[in-house]
Each structure stands twice: as structure tokens, then as C-alpha cells.
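Input: a single structure, listed below in C-alpha cells.
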């Protein structure tokens, strides 16, 4: 069975629906009110909840639904599940209280029942699903507490609900959007590999990021992860790298994390990208989602583009830090071609530094960046633009100039502009036209690296 | 001569004062209007500038001033300097156009004249000085373009003016303050070492950070840096680590950067702290400036505190990422003492994870953090608190509870709260009471590491 019943259901039952947002079942129901398909709350104590006719049990629902969400205490889940035979195709068990707190037998029982009645299960102990293309949101977090990112091209697959919510917050801060977000928790049935397979074919998804603490079936994981990363930019953040982290991961989802070094070297061998930490993951995601048209891996590990970077800055020191990070990331800050350097020396004031980085100094004007970009667009694979807005020559007009120039440049351009508030509007204008802006020189380089890799 | 004339002048002359902020000499004059001492603008074309009596030349000023700022084209600087004999103790040459663009002879001439007339020189090609304790601000950046941080305990010493302004912006974002900020540029006289020596004794300064591209006198540098780091927390960010970075650093300040590996191993040998990049420097600075009372290095490289860390989280995954970073930073996430774990298991719901990290789950309440902190305060050297505000149990009340508990806890506590906007007030309340908050688990751990190291 495809996961289409999970991602694109026509009808949803919520077992454990509640009347107010003080209960998790109430939060989920409220979030489901936006869904365009049919929603059936189940709660024996109410004839109606939040304006929807409510059913005493799943059996009373007048149709077989595509998706059922269970938000009831763990001990009740086996019986509830049995009652879903022939009533649903797919179940999200949001409840916790299973292997993650030592209740492995209960979890095994649930798994067995799921197989017997022939339904696919997401969870238990999971956040569920957010699919803005269907206005589908099964999270038990109120909107005021987690503002959802808009519709976009990034899929987030996370074992941990906490990290899922942090990643969604960060995606929103990065001014980009979500295609699908899934928290899969204890993964007794649908696991990361199934989700990779689905997302590889999903048209709305152009970038996939995945937070993993442990892997169930290692062979299947590698096969699907490899397949996905050959189709789309795909980055994994693996947690539980040290002994204490591994112990924490175990008690958190009840799956053994395994030796990180082994995991790491396998990913490397198969050309699957890995982020070092949370911020690296988000910095790369931002750049990739802004530049989804850069061709994906032509061969495993190699994009169809080179690694020559030109840095154009109005602050010498910031250019040096960017050049240092390029070196650490394996990007080449190659010399300007002699003829181009000569030409730029003619058009720019004598005190500009015509090297790579190009130093436009504190006397910079917006158009200087465009002059340099146009001159060098064929000589480099990507550009890091540093625009420190502390000098009068940097204005909001820079955004419009870049926009007009981008068609000709046709190479990825990333910006570093400090996030100290004085250039908030310039940053927002640039990001609206899909030029990513980073708060430090090093993070800008890491963003560019994600595109060029 | 002490640098007191530079940092705490009673009188200042500005050669190159201008009538409007469209000129750099006008920006500086405007910033000097806040200074409480005497200010003498020099410009032969105006009898008055911004309400201040203006002098045709330095010779006309009716006293010998403590500090003179020169903001005139490089070619004029030698003559201007000669005219300052017996008229000033100290000079800031803000003008650029010296060794950084190949004009080394001009720079040498200026250096020689400075020696002959017996004045100390900061610069040329430098940002100058910001000393909020004297309302002294010689920067050529308007306030609207660079909002100055408030009075505080962090001294910033930067070869690059661009990085100085970025660091000041970041210090302000970190909700902390500045004791002194100095951009020293080409350093023909006063260099980083002189500044370290001054700041080691400066009472307002409790933390020193220094951005360096190149070092003039290596022996002097090591001696002063070592002395400073034995007195106060002190962190260096060295740029120009790779070949392209080194070339960029040279064209930027006209001093050769030298081989980074050598520099790095010398710092290490002498127990002087180094940040890996801009964000690491700022994350460490924030924690150190919030916790200046933690005793400085008892011996080189060793603070008087241990490295046992307890992580208390309401999101399992975030706790795992923090534990991973602890491992990378050499901090120990040691097991909870058996008796304490037993006690916590009694007071907390059965589904909380009583390990290290302690997982308070999505069912968390504010007071749970306080219960755990109070129970474990004697067993750990520092605490990482992760409070994901996506669940209803995290409220602004947490800040007040932490405040009341801190006296008893008496160990450094750092927070991770995602910067997605929903907990802006909680973050601001915590930082007002000097608890640093970081936007990712890993950055919180790096902050704590800076304190415990």
C-alpha cells in the first residue's frame, strides 16, 4: 500500500478528540478543522465537538476512513486498534507510553495487531504529519505555540517530535516553506526508509532533511537513502554520536542507536550528505530550498557544478573569515583572471582591493557589487556577497539591482548581512527574491557549499 | 606613557571635522557631541560646526589636547602630524590609504614622524575607539547604521573595523555590553599587545575578545596575551587561516599573516583560548560576560571548576543533540547519582526520563526544572536547560522561578530556547537576569563550555 492514505487522506477519524485545547486531543481537533476533507471526532461523552458531529466509537463512523489518529492512553491503544479493522487504511498513534518508557511488550502487541488487521501505522509516540498542500495538520501543538511554515519545497522527516518542531520553527525563520513534515517516533511500521521512498517521488518536495537517532532495518535504510539522494538534495542529521547521546536516544525512542562511527562511514561510502549539527542542517536547507533548480547529484557525491567561489565584500575582515571557511569546506577561492582584474581596477577607485575576496571597502556603493558580479559571472561557480550595512553606501536599492542582475549571472549567490536589525528590510527583500542571507560569513559559505556540493 | 590619554581623554581635537554626516568627518563629529570633555573641531573653512567653535588648525587650539583624531586624505597626514608636536599626547589616524593599498613608504614616514614628535598613534586605517564609560565614540559609522551596545564588561579589540562593527552588533544582540571597543587597523604604534596590557588592568573590563589577522612583534604578543588570559577570560579569533585568507588579510591591513598552524600551536602551548569562527566567539563571549564571577584560570588552561554537565530538557531529541555537543567539547554528561535519580523518580510522573539528559517530555511544567536543578546542584558543575516553548507547560513564569532558585544553585546555567518568536518574552526575561539563552542545543553547550573551561 502506498503512503498516499497517510499524506493525502480524503477522510480522517480522531479517536480521543476533546472539547478544548487544554487537552492534546482538543489541540489536534482544532488543527484538523482547517483540513478540507471529512473529519470524524470520536469521543463517547459528546454529541458534538468544535461544531463537528462526534461519534461514540470508530465503528459508528458511516464510512471507512483513510486515516485515523489515536490520542488515548497507551494501555487503551490495543483495543482501539482492534476496533479499526476494515474501518481505516492508515493509523497515526500519537500517544506515548510505549518502548520509550520500557513498555516494549505493549508496543509489540500493538505492532502485531496492526499487521493482523492490515493497516499501516505511524508512531507510536509521534508528532504525526503536516501537509500544507492538503491543509492537513495532525500535530498536538497549538498554532500559537508553533507557527507553521508556509507551503514550500522542503520535506522534514524527524524521529523526534521536539526536533521536528524546532526544525519547523527554523524553516519558518529561514523564510522558506514545507512540502511535508513528519514526526515518526517509535516507528513500529512506517519508518524513515518508507518515508524516503515516498518523498523521492513526491512532486512538491525538492529538498529532504531527516533527523535520525536510530535506524531499524539498516540495509533498507541505506538503499532508500541512497535512492533518495540520487534524486533530490537530501541531508541527514544523526544524533546520539557519543555514549551519553546514545543512551539518551535509547530512552527517548526505545530504539538502539548503534555505533555512530559505523553509521557515519556508511553514509560517506554511499555519498549521502550529513550535517554536523542543527545549525549546519538549517543553513544548508535554506540554500538548497532557495536554489532547487541547481541540478541534483549528477553522480553520487558530485553535483554538476564546480567549487570555485568569488567573495565580494565591503569589509576586509569579513572577507577573510569567509575565505577561511571556504578552505575548511573544500571550496576554492581562486585568483581573479588577470584580464578581469585589470578591467575592474579601471572601473573601481584605486583603493578598492581587487583580489579574491574583492574588497569594496567602507566607500562601497550598491552598484559596485553588480559590476563585479557581471564581470566575473563566467569565472566562478558561486558568489558570497558580504554587505555590511554600517556604511552609507549600502541601501535597500541593492536588492532590486541584484534581482535584475540574477538572470544574467545565473550562478548561486548567497549573502552575509549581520542580523543586528539595521538592515532588516534589505534582508527581507533579498529573501523574497530567493537570495539566501546569513548572519555570519562562515554560515554564508556553509550555505553555498550545500548548493555546490 | 600609559594609554589613559587614548581611553580617558579630557579633551579631543578632530582634524577633518565636517558639517554633515554625508562626510566621515561629520559622522565622527556628531558622535563626539555626546562626549563629556572638551571637543575642538578643526576645519579652516568653517567658524563653527554642529554648534562647536571650529579652529583653522590644531595650532590655534588654546590648549594641548589629550587625543587628536585625523580624518583627512592619507597624503596630508604627515604634515598634519608634524603640526601636532606639543599639541597632543595621542593620535587616532582614522584615514585609510596606507600600507593596505601598497603605500608602505607613506606609512613608514608617518610612523617616523610619530616617534620624532613623541606621540602615541592608533591606526592608520582604523575605526578608533568606543568607551561608553566616558561617552567617547570616535567611529565614523552613524548611530543609525550601527546601534552601539550599552555599557558593559566586554572589551573588543579588532584589527578590522568591519569585524569590530559586526562584533558590536552581535554583542548588542546578545543582550550584553561593552567596556571598551578598539579598531586598531594597521598598528604602526599601538598594537594588540599594548591594548591587552591596558585591558588586563582595566576595571570595567571582565572579558576580552580579540580579532587578529596578523601579529607584529610575536614575542611581545605572546607575553601580553598570556598575561591577560591569566587575569581575565580572553578569546582570540584568528583570521587568515588558509592561503587565500592569508592573502586577503595582507591586502587588507598590509601586515603579513604568517602560517596559521604555527600561531595556533603557540596559543595552545600557552593556554590562550581561540574561537573557531565568528559564531563560536560570540557564543562564548555571551556566556563569559553573563558569568564573569566564575573564577578565571587558576592555572593556565584550567579554571577552578569541573566539567560535569547535567542536561534538563522537555524534548528528547534536543537533549541528545546537546549531549553530542558535550562530547565534542570535552564536557562530561555524567550519570545521575543513584539516590538522586531514585528521589526524582518519586516526585516526577512515571513517564519522565530520569537519566542525563533528564527528559521532562511534552507534559513538562515550569517547576519541574527547578525541582531537578535543586536536587542536582551539588552533583554538577553546570546545567544546560532546554525549554521548547511549543507545549503549554512552558510559561514566562519559568524566568521568575529560575531567578529565585539561582542563589541556591550557584552554578552556571545556560538555556536553549528556539528563536522562532513564540518565547521572545521568556528569553528576554531570562537574559535580563543574566541567564544566557541560545538558539540551538549545540550553541548552548558551546556557551557553557566557555565558562567551565
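Nothing in this text is a laboratory measurement; each read-out follows from the coordinates by a stated rule. Values in this document were obtained by computation on a predicted structure and should not be read as measured data. So basically every Cβ, Gly included, is an ideal-geometry build from the backbone, and we count neighbours across all protein chains shown.
Take the alpha-carbon positions of segment B:108-172, form their convex hull, and give its projected area averaged over all directions (one quarter of the hull surface) in nm².
Numbers: hull surface 21.1 nm².
If I average the Cα hull's projected area over directions, I get 5.3 nm².
Peptide B:351-364 shows a mean partner chain C-beta count of 4 within 10 Å per residue C-beta. Compute the FRET efficiency between residue A:341 and residue A:432 as 1/(1 + (r/R0)^6), taking r as their Cβ-Cβ distance and R0 = 45 Å, and round to the nearest 0.05. So, using R0 = 45 Å, E works out to roughly 0.85. When the Cα atoms of the protein assembly as shown are aligned to their principal axes, the ranges along those axes come out at 98, 62, 50 Å in descending order.
Legend: ranking of residues B:121, A:451 from fewest to most surrounding C-beta atoms inside 10 Å; resulting order A:451, B:121.
Order by neighbour count: B:289, B:165, fewest other Cβ atoms within 10 Å first, most last. Each step should come with its number before you reach the end.
Values: B:289 25, B:165 28.
By the 10 Å Cβ count, ascending, the order reads B:289, B:165.
Between residue A:34 and residue A:115, what FRET efficiency follows from the Cβ-Cβ distance if R0 is 25 Å, with the result rounded to 0.05? The formula returns an efficiency of 0.15 here. Value of Rg to Rh for segment B:1-70, rounded to two decimals, is 0.95; Kirkwood radius and Rg both from alpha-carbon coordinates. Residue A:341 label point (Cα plus 7 Å toward Cβ) to equivalent points in the other copies: 6.3 nm, shortest first.
Here residue B:410 yields copy-to-copy label distances, from shortest upward, of 6.9 nm, the label point defined as 7 Å from Cα along Cα to C-beta. Per the rotation superposing chains B and A, the chain B residue found at the smallest beta carbon distance from the axis is B:279, 4, distance in Å. Taking a ≥ b ≥ c as the square roots of the eigenvalues of the Cα gyration tensor, an a/c ratio below 1.5 marks segment A:305-452 as rounded.
If the label point is 7 Å along Cα→Cβ of residue B:85, which residues in segment B:40-74 have backbone nitrogen under 16 Å from it? Answer for this model: B:58-60. Each peptide in B:205-217, A:191-203 was scored by the mean count of other Cβ atoms within 10 Å over its residues; highest first, the order is B:205-217, A:191-203.
On the beta carbon distance between residue B:4 and residue B:217, with R0 = 22 Å, the FRET formula returns roughly 0.50. Take residue B:83, push a point 7 Å out from Cα through the beta-carbon direction, and compare it with the same point in every other copy: 9.4 nm, smallest first. Using alpha-carbon positions, what is the distance between the centroids of segment B:1-56 and segment A:51-66, in Å? That distance is 79 Å. The Kirkwood hydrodynamic radius of segment B:1-123, based on inverse pair distances between different Cα atoms, is 14.5 Å. Remark: C-alpha extents of chain B on the principal axes read 81, 47, 35 Å, sorted largest to smallest. The distance between label points at residue B:108 and residue A:108 comes to 8.4 nm (points 7 Å beyond Cα on the Cα→Cβ vector).
Using the 10 angstrom Cβ neighbour count as an exposure proxy, how do A:148, B:404 rank, fewest first?
On the way: A:148 20, B:404 10.
So the residues, fewest neighbours to most, are B:404, A:148.
If you average the sequence gap of Cα pairs under 8 Å that are 6 or more apart and divide by the length of segment A:1-72, what percent do you get for the contact order?
Values: 125 pairs, mean separation 28.4, N = 72.
Answer for segment A:1-72 is 39 percent.
Here the relative contact order of segment B:299-400, from alpha carbon pairs under 8 Å that lie six or more residues apart, stands at 39 percent.
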